[in-house]
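What follows is a set of notes on a single structure, which appears directly below.
The values are calculated or read from the model by the stated rules, or taken from the named source; none is laboratory data. Note that the structure is predicted; figures quoted are calculated from it, not measured. FYI the Cβ positions are ideal-geometry reconstructions off the backbone, even for glycines, and counts take in every protein chain you see.
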Amino acid sequence: MSGGESSASDRPEGSPGDGWLGSPPAPYEIAATLFAGVTGIMFAGVGPLLLGSLEHAGRLSTSQIGQAGTIELLALGLAAGLTGSVAGTRRLRPLAIVSGLLIALFNGLTIWSDGWSLVVLRGLAGLPSGALVWLMTALIVRAPRPERWAAIYLTVQTLAQFVVVAALGSWILPSFGVNGGFAVLSVLGAMATVAGAVIPRRLSPLPVTDTEPSGLPTPRGLSALAAAFCFNAAILALWIYIEPLSRQSGHPAGTADLALVLSLAAQVIGGLLATLLAGRVRWLPALLASQAAMAMLMLLFASAPGRDPFLVAATLFGGLWMFAAPLLVPLAIEADPTRRSASLGSGAALLGCSAGPLIASMMVGAGNVSVAAVVGSCLMVAAIAIVLLVHSTRRTKSEPTP
């Protein structure tokens, strides 16, 4: 990772430099879109707590916890990837308003549901949530230094999820039960409806090229999306098993909870570093070094380390996770200068988040969850290989680049 300014050759093809693609949005429009995007991704952070509480209350079986979480993440990912193709970029305010209302509705109906009806509702809730995530992604890919705006989004969503989880765990759930948690999500949906009234009315279309005018991502762009998929699948294949990994390693009770808190704090720091260093470091070496370090940390988790190495590894892993994730945006832009692929990045990431635990669950044996960390490491190595492949097939210097 270089500490100097990135040279022109280090910037993704199609980089807009210091300008927006199209008319720059007003600060209040950016803030409203950011709030909507954070609302859309909120369940990914609070879902494990709420779904576990539903199981404890007898409203979901143990298997239905995984089914509800998987179907909601799948719906989120599909909606985040397909909303632009279906809805376009000209009537964004009605899209955001309707999405906020549907989030409020589905979370409200969850209060009176259980069993399979609840699982179905969680899948339905993922669709408008994914639409709001797409709105933020569409803004990011049109911004100057998209990796900086991606880092801002990731950092703010992490902080917001931390605040909501803290409020749910210390006040809402003890006082009002799990229904209070879904009431909070419903209120956030209503607030996103208000924010939807002041987001940008429309966004400029993404550029097309003579060779790829069809509106579909290029083959290299699809490869960049595969890298994002593998990156997130690798992380969640490990992270979903962090508590049983700690227990299998013989750690004292509460070690996994402390590891999660330390990791969350490190994620905020990693996101802030990514925001501050965007444009000041060369994104490719930074991404590859972060991925390689995460793959090695996963192998450390698999080795049943002691309590202190486990906590250090969890902290480093969280920081690298949030530092590296925004760097997938310039990879997608280099691969596909039209930015169509970058606009699908959130969808690919969310699909990876849902696929990682599923892949790991098929490999984990009874009483031995360390294989989940090995699966995560292998998926991260696959992500590294795809990044290298995509970058190695970039345009040569003899060809014109922006």
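Here are a few things to note about the model shown:
- Top-ranked residue in the range 77-105 [being at pLDDT 95 or above and more than 22 Å from the chain's Cα centre (by Cα); ranked as farthest from Val198 (Cα to Cα)]: Leu105
- For Cys378: the one exception among (1) modelled with pLDDT of 90 or more; (2) surrounded by 22 or more Cβ atoms within 10 Å (Cβ to Cβ): (2)
- Selection from the range 1-36 of residues that are assigned to a loop (DSSP other than H, G, I, E, B) and either at pLDDT 50 or above or farther than 24 Å from Leu327 by Cβ (or both): Asp18, Gly19, Trp20, Leu21, Gly22, Ser23, Pro24, Pro25, Ala26
- Tally, over the range 184-226, of residues that are assigned by TED's automatic domain parsing to the domain that holds Thr83, over 30 Å from Leu50 (Cβ atoms) and at pLDDT 95 or above: 1
- Verdict on Val98 being surrounded by fewer than 18 Cβ atoms within 10 Å (Cβ to Cβ) and touching a residue at least 12 places away in the same chain (Cβ under 8 Å): yes
- Being in contact (Cβ under 8 Å) with a residue 40 or more places away in the chain, surrounded by 24 or more Cβ atoms within 10 Å (Cβ to Cβ) and in contact with a helix residue (DSSP H, G or I) (Cβ under 7 Å, 6 or more places away or on another chain) holds for only one residue in Ala75, Ala80, and it is Ala80.
- Some residue of the range 107-130 being in contact with a Leu (Cβ under 9 Å, 6 or more places away or on another chain), without any contact (Cβ under 8 Å) to a residue 40 or more places away in the chain and of a type in the set (A, V, I, L, M): yes
- Boolean, Gly58 is under 21 Å from Ala183 (Cα atoms) and either part of a loop (DSSP other than H, G, I, E, B) or free of Cβ contacts under 8 Å to residues at least 12 places away in the same chain (or both): yes
- The residues of the range 300-341 that are assigned to a helix (DSSP H, G or I), of a type in the set (D, E, K, R) and more than 21 Å from Arg247 (Cβ to Cβ), listed by number, are Glu334, Arg340.
- Of all residues making up the range 84-120, the number that are within 20 Å of Met191 (Cβ to Cβ) and assigned to a helix (DSSP H, G or I): 19
- The set of residues from the range 358-391 being β-branched (Val, Ile, Thr) and within 22 Å of Ser63 (Cα to Cα) comprises Ile359, Val364, Val369, Val371, Val375.
- Search result, residues across the range 133-182 that are surrounded by fewer than 19 Cβ atoms within 10 Å (Cβ to Cβ) and touching a Phe, Trp or Tyr at 6+ places or on another chain (Cβ under 7 Å): Pro144
- At least 3 residues being under 21 Å from the mean Cα position of the chain (by Cα) is the threshold, and among the helices (runs of 4 or more DSSP H) wholly inside the range 200-299 those reaching it are 219-239, 255-277.
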